[in-house]
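The values are calculated or read from the model by the stated rules, or taken from the named source; none is laboratory data. These numbers were taken from a predicted model, which means no experiment stands behind them. Positions of Cβ are backbone-derived with ideal geometry, glycine not excepted, and every protein chain shown enters the neighbour counts.
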Amino acid sequence: LLAAGATLAMATLIDASSSSQVEQLAPLAVPRTGHAATVLADGRVLITGGRDSAGIIVATAEVFDPANETSTAIGILNTARIDHTATLLADGRVLIAGGTSSSGALTSAEIFDPANPGAGFRVLSATMGAARARHTATRLHDGRVLIAGGDADGTAEIFEPTAESFSSTLLAMAAPRIGHTAILFSDDSVLLAGGNTDSMEYFSATDQKFTLDLQKMTAVRTGQEAIALDDTHLLFFGGDSGNTIDEFNSSSDTITLKGTMDAPASSATLLANGKILVLRSDVAGLYAPDAVDQSSAFIPFDETSVPGSTTLQRKGQTATELSGDKKIIIAGGENAQNQPMLQIAAFNPARVWTDKDDYQPTDPVILSGSGWKANENIYLFAVDSTRHPVSRHCDGCSVEHAGRSRVHGCRKP
């Protein structure tokens, strides 16, 4: 499976030590829900489509820049769309495919090139072989894109980026799927799961065929999250009436019921430290997949423990991990009144804090923190009142204990 859980960067820890774990950022250009968010090759995030507060499907697009933490309008889609896919291609361009317009499901696709933003969004002359919405688009190892489901007939097709063409003949899936998930494996096979069914199937990029897996999930799922914990273990998160969590072992081809949430999750995002950020319309919190007692694996935030956490409560949002500092950018969505939102928030997996706001010379400084991986190296910099470094760094090691971290072995150079 694709690697997950990269080491948190030094910049993340420095940021976390001087800012809140939840940050309210500059708003979107327009309120939106049901949109798509794609991390570009340069680390910025392209946000496209969705539905606004007037209930209108929008064509506006914008780019969030982590450097200045602002989102700026970048252009207009040729067709307003919602429930579409936006896939980063190997050459840095973005394929926007399908979705729903005011006239229904779409066969059209567009290309956006961040290297030439002035050209805007370009409609492809080729169209998909079927109208699709709530489908999946998975970039294969050779750069082609598998576009699957989202139609009543259960078809799929391949997009070829160089020729900008779609398969001349539709591929038959093992089962129709709408609102499913797709996970790419290291052998270039793709696991498709759920989508108004409890079944799963594999796509082989070699022979371009779909094969139904004999295992079934423990519930019929639609709109669930699929999270790769490691190379063989997946979680299927929610999407069913019971708000359950399944664990799939691809090595042994087994499914087990792992746990149950007390309410539907609007998104579940794997963090760099192995925890899962769960957003709901009523609460946000962290889920620990390795917790022995799964009944207490979800720890909800409150304003005392995580100030600003109520700004994370929403549905229909995107939650996108930045490629640099591993922050999660939560954009748009709907509030408790079902109104599309302008707000962008950032969640930082790691943070540190001191036992006092100020210290006298020679006072001991006690540092606490959370969100690091066990045995991860951290670097601490001391700065005087003029903002000049007074020591190069202190070396330490983070140690996980009861969900929190502490620094030990710190020495002054």
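Among the candidates THR362, THR386, single out the residue that is at pLDDT 75 or above and more than 26 Å from PHE301 (Cβ to Cβ). Step through it out loud before you land on a result.
Numbers: THR386 fails: at pLDDT 75 or above.
Just one listed residue meets the conditions, THR362.
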| request: Could you tell me which numbered condition ARG134 fails, if it satisfies all but one of (1) in contact (Cβ under 8 Å) with a residue 12 or more places away in the chain; (2) over 23 Å from THR320 (Cβ atoms)? | output: (2)
| task | Just name the residue that is surrounded by the fewest Cβ atoms within 10 Å (Cβ to Cβ) out of those in the range 27-63 that are closer than 16 Å to THR320 by Cα and of a type in the set (S, T, N, Q). | result | THR38
| query | Which of the residues that make up the range 145-180 are within 26 Å of the chain's Cα centre (by Cα), under 16 Å from ALA90 (Cβ atoms) and without any contact (Cβ under 8 Å) to a residue 40 or more places away in the chain? | reply | GLU160
| Under the condition of being charged (D, E, K, R) and farther than 14 Å from GLU247 by Cβ, which residue from the range 258-313 is farthest from the chain's Cα centre (by Cα)? | ASP293
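Here is a check on your reading of the model: is LEU140 in contact (Cβ under 8 Å) with a residue 60 or more places away in the chain and surrounded by fewer than 21 Cβ atoms within 10 Å (Cβ to Cβ)?
Working: in contact (Cβ under 8 Å) with a residue 60 or more places away in the chain: yes; surrounded by fewer than 21 Cβ atoms within 10 Å (Cβ to Cβ): yes.
So LEU140 passes the test.
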| remark: The condition from (1) closer than 27 Å to HIS233 by Cβ; (2) not in a loop (DSSP other than H, G, I, E, B) that ASP142 misses is numbered (2)
| Pair list, Cβ under 9 Å, 6 or more apart: the range 333-344 residue in a strand (DSSP E or B), other residue buried (at least 21 other Cβ atoms within 10 Å of the Cβ) and of a type in the set (S, T, N, Q) | GLU334/THR33; GLU334/SER266; GLU334/GLN317; PRO340/THR33; MET341/THR33; MET341/GLN317; ILE344/SER71
| message | On the basis of being in the same structural domain as THR60 (by TED's automatic domain parsing) and out of contact with any helix residue (DSSP H, G or I) (no Cβ under 8 Å at 6 or more places or on another chain), does VAL190 make the cut? | response | no
| Filter result (surrounded by fewer than 20 Cβ atoms within 10 Å (Cβ to Cβ), among the polar types (S, T, N, Q) and in a strand (DSSP E or B)) within the range 145-175 | SER165
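Only one residue in ALA115, ALA86, ALA90 is in contact with a strand residue (DSSP E or B) (Cβ under 8 Å, 6 or more places away or on another chain), surrounded by fewer than 20 Cβ atoms within 10 Å (Cβ to Cβ) and either in a loop (DSSP other than H, G, I, E, B) or hydrophobic (A, V, I, L, M, F, W, C) (or both), so which one is that? Let's see the steps before the verdict.
Numbers: ALA115 fails: in contact with a strand residue (DSSP E or B) (Cβ under 8 Å, 6 or more places away or on another chain); ALA86 fails: surrounded by fewer than 20 Cβ atoms within 10 Å (Cβ to Cβ).
On inspection, the qualifying residue turns out to be ALA90.
Kindly indicate which of ASP357, ASP325 is of a type in the set (Asp, Glu) and free of Cβ contacts under 8 Å to residues at least 24 places away in the same chain. Write out each step before concluding.
On the way: ASP325 fails: free of Cβ contacts under 8 Å to residues at least 24 places away in the same chain.
Just a single option satisfies the conditions, and that option is ASP357.
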